[in-house]
1. Hey, can you grab everything whose amide H is under 5 Å from the amide H of residue 315? Only 5+ residues off in sequence or another chain; H modelled, so Pro and N-termini drop out.
2. Measuring from centroid to centroid over Cα atoms, what is the spacing of the range 279-301 and the range 339-355 in Å?
3. Could you pull the Cα extents of the range 137-194 along its three principal axes, largest to smallest, in whole Å?
4. Two decimals is fine: what's Rg over Rh for the range 274-337, C-alpha atoms, Kirkwood radius as Rh?
5. Hey, can you grab everything whose amide H is under 5 Å from the amide H of residue 291? Only 5+ residues off in sequence or another chain; H modelled, so Pro and N-termini drop out.
6. Cα to Cα, under 12 Å, and not fewer than 8 places away if on the same chain: which aspartates and glutamates meet these conditions relative to residue 208?
7. Tell me which residues come under 5 Å, amide H to amide H, from residue 217 once H is placed; ignore anything under 5 positions away on its chain.
8. Eigenvalues of the Cα gyration tensor times 5, then square-rooted: what semi-axes does that give for the range 337-430, in whole angstrom, largest first?
Amino acid sequence: MGSQEASVSVRLTRRAVLRTLALGGALAASNLLTACAGGGGTATPASSGTQPTTAPVTTPTAPMASPASPTAAAATTPAASEELWEVVAYYGTYDVSTKKPGRPATSLQGPKYEKWTRPKANKPYMIGVSFPHLKDPYWLAVDYGIVDEAQILGVGIELVAAQGYNDLTGQINQVENLANRADIQGIILAAISYASQDQLVSDIVKNKKKPVIEVINDIQAPDIMAKALVSFFDMGYAAGTFVAEDSGGQEVTVVFLPGPAGSGWAPDTVDGFQAAVEEKVPGKVKILDVKWGDTGKDVQVSLIEDALNAYPDVTYLVGNAVAADAAPDILANRAKKPKIVSTYIIPPLYDKIAEGKVAAAPTDFTALQGRMAVDMMVRILNGEKPGVDFPFRAGPIIKVVTPQNYKEFKYEDMFGPRDFRPVFSVKPKS
C-alpha cells in the first residue's frame, strides 16, 4: 500500500464500526474507574451494537509500587481484589482462512462485551516477550503493563526488543533464542510483520510445544494461540470519525502518515480512516498522499517536512503517534498550521492534547493490552483453552481523547507512572 491511496478508495465492509461514538460519558468513566481500582463499582454497560464504542471513558492501570531499575523490577504486592475493565472479546476457533488484516477472523464468535478478570498462576512461570523496538513511549507503556502484571501474578518475564520495523530478521533470531531456552515456557510476541512470521510461530508451537500469543500488533499466523489487541482498523475509523465531524462537512485535505507499510497495524489505520470519512462525509475528505515509514522520530520528522513542503495548504496531518507528537514543533514557525490527528496515543501526545497542540487521538489503553497478554499466557500455562475458557482475542474498548475531554483520562491510567523506565527482566516468585 502506498501513494496510490492518495484518493479515497473506500472499503466499507464494516459500516457499523464505532457508530456509537457518543456513548459512555463521564458517569461511565467514574464507574469504570471504581471497578478497575477494585472498589466494586459497576462498569459501563456494553454497547448492543456489533462494534466497540469510542466514548471517552477512563480505564485505569495499577501503579507500580516503586520505580523500577532498567534490568529488574521490585515485587508488587497483589491487589486485594481483581482489577476489572471492559473488553471486546471473541471466542471460538481461529481459522486463518477467514482472517483479513485489521479484522477478527470471521470463524470467531463476537464481539462480546465483558469484564476482564485476572487469573492466578498455578506455578511461577517464566515467559519470553518480544517487541519490535523500545524506541518510543508506546512500547514503554506495553512494557509497563506486562511487567506490572507479571509481578502481581508472581511470574517471570524476559523481554527482548528488535531495532525497529525494518529488523524482521533480528526479531526472528531473538524469538528463536527465547524459544530455545529451557526455562521459557511461553512467548508473548508483538510481531513486526503481519504475514512473514507464520513459520516462526508454527515452529515454536508445534515443534517446541510452547504457546505463542500476540500482543498489540495483529498477525496472520495460523498457529497463534491467542491475541491481546484492539483493531487498528477501528482506531483509524475513530480518527476518521473525528475528522469527519470536526470538518463540519466542508471539503478538506489530509496527508496520512500511517507508519510501517508491512506492519500488522499501520495499513489498517488507513483503511479504517477511509471507511469512516467516506461513510460520514462522502467525497469531502481528500487524502493527498500516504507516507509510509518506520516509527522512529527521525524518520517521521523527515516525512512530515516532505509532506508540508509538497502540500503547504493541507488541512489535516493524520497518522501515527510519533508523527503527531513531532508535528507541533515542526509547525511552530509556519504560518499555515494543519490540525494534527493521531491514530493512537502515547504519553507525550496526551500532554500535547491537553495543551491544545494536537486535536485528537484514540486510545487503545496500551498498558492494559500488556496486562491482558500476560493474563492470557498464564491461563494457557494453567491448562485453560483459548476461545473456550477465555477469549481467543480480546482488547479494551477504544475511546477518543481530545482537548475538550482529556481530563477524564488520567495519564497514569493509560501509561503507568511518568518515571517508569524500561524493564527487561522480572524474576518469578519462588
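No lab work stands behind these numbers, since they all come straight from the coordinates. Nothing here was measured: the structure is a model prediction, and the numbers come from that model. Reconstructed Cβ throughout: ideal geometry from the backbone, glycine too, with neighbour counts over all protein chains shown.
1. Here the answer is 253, 254, since their amide H atoms fall under 5 Å of that of residue 315.
2. 16 Å
3. 34, 31, 17
4. 0.99
5. The answer is 256, 257.
6. Cα-Cα hits under 12 Å: 176.
7. 191
8. Equivalent ellipsoid semi-axes, largest first: 32, 17, 9 Å.
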